[in-house]
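> Starting off with a structure, shown below.
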Amino acid sequence: MTTKMTTNNNASTSFAGRIFNAFRRSTLCSVLINLVWVYLLYEVCRLVFLWVNWGSLGETMTWSVFLSALSGGWRFDSSAIFYTNSLYILLALLPLHIKEGRRGYRAVLKWLYVGINALCLLINLADTVFFEFRGHRTTSAIFREFGNESNLGSIVGTETLSHWYLVVLFAVMVYLLIKLYRQPAGCRYSGGRAMAQSPHDGEAETPRKPLWRYYAVGIVILAIMGLAAVCGMRGNIFFLSATRPISVNYAFRYVDQPIQTGLVLNTPFSMIRTIGQNAMETPEYYTQAELDAIYTPVHTPQPGIEKRRKNVVILMVESFAQEFIGGLNKDLDGGTYKGYTPYTDAMLDSCMYFETMLCNTYFSIDAPPSVLASIPRFERSFVVSPHSLNHINSIASELKNEGYTSAFFHGADNESLGFHAFTRQAGFERYYGQDEFYADPRFGGKAEFDGTWGVWDEPFLQFFCATLTELPQPFVAAVFTLSSHHPFKIPAKYADRFKDEGLFELHKCIRYTDYSIHQFFESARKQPWFDNTIFVLTADHTSAKRTHAEYKTTMGDYRVPILIYDPSGELPRGQQPGIAQQIDIMPTLLNYLGYDRPYVAFGKDLLNTPAEDSWAFAANSIPTYVKGDYVMTFDGSEPVSLFNYREDPLENNNLVGKGLPQEAEMLREVKAIVQSYLTRMNNDQLTAR
């Protein structure tokens, strides 16, 4: 028996050894080893970047920030490395037997690898110097910014001489790329069988698998490596950790301040991920004095303002369009209007809301910047724009000055939509996502996963309520729901309760979410913080599932509820005249709380703006401006359309060029908003300090 066991162990060891040796000699092993060298050299660049820029980074650098930046940096390095080495990987692993063993092909692979990675390392080291002047990693905008400069040669020459040690380091790195490069094994064929040819000359050839097996194995390896490469480019693991690829803004996930993102990022990634996202040029419609007289986003509170240390709770509800709320549509369909939000309808008399209420975007990703930081979308999302590393203020960062605790909640994967990164940039101290919900045994854990996006609204809002009770007061907290989203499912236990709710499957989800909001408030009323809290309920955006013609218009694209509820009764209740928008929420709340420091918010204070002066602005594809009874679209030079949305709710009669005084007034104001917005974005002037 002993002999038999020894024989089996030897056979097993021999088999494992053969597998290991086969992998060690494989092209895949060579490719992986070569990529490891690139990862290590990127890390050297990161450490050199910190050393050279210590004067800018040293004051805010702590061990925790440093370690966090290193732990996050590999994701951005992975994205850059797989993007830039994708051709090398493809050519190396391409299962084509006629290329095997050909020295010319091997030489092309080697110098492709060395050339592309040497260029990336050069860009990284060059930006190490350039960072001092810009305060952030270089993006693709550099090609437009310096396209017409004639003195770049002298600037580069001067900086090269003064930073000669980086030139030496670059030369050493290129030498290492060449010296450490592992040549993939080649193969030749005889009698329909592949023969392994060692990368080391003089070694004996050993028989390999038949040609058909070569292609079968090669295709599988290429497919697996291709999937890994795509995941690497996206910056996540097998598509499970994020709903979209990481962007430069995602670096805020790992650090606290915009300047620290330079340590997390690398320049090849920043340039690749911002291709086609060059900043818009700042128009010059007005002089600075004229501009400030028409519009300024700098809010300067009046002296002696009364302070209120109330908690703030903001609910951003997925696709919770105004069209779905029966109480806000009493005049439609002759009083027979069907809504899907009985609880929200019942809340209206207790809330302050406005005659016209609008969101500032079509997209979920834009809602937190709009609602929490008063930053509207302008053609593209702020968080993936060239401005995404700007310094910003938000309701959380400002109330931190008053001793507030801040927290953001979202029931999806913790990396979904990049909310974790943005809210950290915005100054929120705590983030609660799917991971934190699962870790709390009180609310059902993973059994409450909806199968697609995250946690059902009802249990997550209960988790939200319970966690608020555990936060130090005063606090500012926001939650983003997700159940009223495609594929439009609700928990099985409510299948009978919310069935047959309307024309679209979304309508039953809206009913379920409205019910979940009801349950949240029922729980919140029992908490010690409830009476000293101001609540805001709004949507992230409208819905594509529209039924009424009035909601299939320019105005209909943006109509959402903005309900402000103060249990103490200090705020007015019921409908108020005027126009409210998401970007008004931050300045309105800060004013109501008696915040006495200046800050930047592109919206207005609804409590201190006369109804006739209220307005709304959005710029998804084209700037849209609403004031009084009119809605205008603007192409950057002239109005495109002007409708009286009250008298002409279906927007059939374009009034542009009809000589209305409102046209000239609105054109003057929308130009000022656009110029102020782009001036501040392009010059990183989104804070008042």
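The values are calculated or read from the model by the stated rules, or taken from the named source; none is laboratory data. Because the structure is a prediction, the values reported are computed rather than measured. We place every Cβ from the backbone using ideal geometry, glycine too, and count neighbours over all the protein chains shown. Surface areas here come from the heavy atoms of the whole protein model, side chains and all, with no ligands, DNA or RNA. Shrake-Rupley method; radii C 1.70, N 1.55, O 1.52, S 1.80 Å.
> Work out from phi, with θ = phi - 60° and the Karplus expression 6.51 cos²θ - 1.76 cosθ + 1.60, the ³J(HN,Hα) of each residue of the stretch 475-486, listed in order in whole Hz, and give x for Gly and Pro.
Taking θ as phi minus 60°, the curve returns 9, 10, 9, 9, 10, 10, 8, 8, 5, 7, 9, 3 Hz for the stretch 475-486.
> ³J(HN,Hα) across the stretch 73-88 via Karplus (A = 6.51, B = -1.76, C = 1.60, θ = phi - 60°), whole Hz, x for Gly/Pro?
Here the 3J(HN,Hα) series is x, 5, 5, 6, 5, 4, 4, 5, 5, 6, 4, 6, 9, 4, 5, 4 Hz.
> Related question: Please label the shape of the stretch 484-596 as rounded, prolate or oblate, based on the square roots a ≥ b ≥ c of the eigenvalues of the alpha-carbon gyration tensor (a/c under 1.5 means rounded; beyond that, a/b larger than b/c means prolate, else oblate).
Since a/c reaches 1.5 but b/c is at least a/b, the shape of the stretch 484-596 is classed as oblate.
> Report the local net charge at Leu328: Lys and Arg +1, Asp and Glu -1, summed over other residues whose C-beta lies under 9 Å from its C-beta.
In short, 0.
> Could you work out how far apart the two model spin labels at Asp440 and Phe130 are, taking each label as a point 7 Å from the Cα in the direction of the beta carbon, and quote it in nm?
4.5
> At a Förster distance of 56 Å, what's the computed FRET efficiency of Glu43 paired with Ala447, Cβ-Cβ distance as r, to 0.05?
E(calc), rounded to 0.05, equals 0.85.
> Moving on to the next point. ³J(HN,Hα) across the stretch 447-457 via Karplus (A = 6.51, B = -1.76, C = 1.60, θ = phi - 60°), whole Hz, x for Gly/Pro?
Result, rounded to whole Hz: 5, 9, 5, 7, x, 9, 9, x, 8, 3, 4.
> Let me ask something else. Given the C-alpha centroids of the stretch 438-452 and the stretch 599-641, what is the distance between them in whole angstrom?
42
> With only alpha-carbon atoms counted, please give the Rg and Dmax of the chain, in Å.
For the chain, the Cα-based Rg and Dmax read 29.7, 104 Å.
> First check a/c for the stretch 301-393, with a ≥ b ≥ c the square roots of the eigenvalues of its C-alpha gyration tensor; if it is under 1.5, answer rounded, and if not, answer prolate when a/b is larger than b/c or oblate otherwise.
Oblate, because a/c is 1.5 or more while a/b does not exceed b/c.
> How much accessible area per residue does the chain have, in Å², with a 1.4 Å probe? Kindly include the intermediate steps, with their values, before the conclusion.
Details: 29660 Å² over 689 residues.
Result: 43 Å² of accessible area for each residue.
> Also: Roll a 1.4 angstrom probe over the protein heavy atoms and tell me the percent of accessible area of the stretch 252-359 that is carbon or sulfur.
Numbers: 2150 of 4480 Å².
Here carbon and sulfur together make up 48 percent of the probe-accessible area.
> Using a cut-off of under 20 Å, list every residue of the stretch 103-126 whose amide N is near the label point 7 Å from the Cα of Leu87 along the Cα-to-beta-carbon line.
103-124, by backbone N distance to the label point.
> Which of the lysines could a cross-linker bridge to Lys400, judged by Cα under 19 Å and excluding same-chain residues fewer than eight apart?
Counting by Cα, and skipping residues close in sequence, Lys400 has these lysines nearby: Lys307, Lys310.
> Can you list the residues of the stretch 307-349 with backbone N under 18 Å from a point 7 Å past the Cα of Ala611, pointing along Cα to Cβ?
328-331, 349
> What residues qualify as long-range amide H neighbours of Phe475, i.e. H under 5 Å apart, gap of 5 or more or another chain, H built at 1.01 Å from N?
Asn311, Val312, Thr405
> What's the extension gain from Val114 to Asn654 if we count 0.36 nm per residue and subtract their Cα-Cα distance?
Taking Val114 through Asn654 to full extension adds about 188.4 nm, to one decimal.
> Further, regarding this structure: Ignoring everything except DSSP H segments at least 4 long, calculate the 222 nm mean residue ellipticity for the chain; use -39,500 (n - 2.57) per segment, divide by total residues, nearest 500.
Details: 22 runs with 285 residues, N = 689.
After summing the helix terms and dividing by residue count, I get -13000 deg cm²/dmol.
> How about Lys110: which lysines have a C-alpha closer than 23 Å to its C-alpha, ignoring those fewer than 8 places off in the same chain?
Lys99, Lys179
> Quickly rank 316-325, 105-114 as a protection proxy: mean count of other C-beta atoms within 10 Å, highest first.
316-325, 105-114
> Can you tell me which of 469-476, 454-461 comes out highest on packing, and rank the rest after it, using the mean Cβ neighbours within 10 Å?
Going from most to least packed, we get 454-461, 469-476.
> So, one more: Label the stretch 334-490 by shape, choosing from rounded, prolate and oblate, from the square roots a ≥ b ≥ c of the eigenvalues of the Cα gyration tensor; if a/c is under 1.5 it is rounded, and otherwise prolate applies when a/b is larger than b/c, oblate when it is not. Please report the intermediate quantities before stating the final value.
On the way: a/c = 1.33, a/b = 1.08, b/c = 1.23.
Rounded is the answer for the stretch 334-490, as its axis ratio a/c remains below 1.5.
> Still on this structure: Within 10 Å, count the other beta carbons around each residue, average over each peptide in 626-636, 594-604, and list them highest first.
594-604, 626-636
> Which lysines does Lys338 reach when only Cα atoms under 16 Å apart count, and residues fewer than 8 places away in its own chain are ignored?
Cross-link targets: Lys330, Lys499, Lys508, Lys545.
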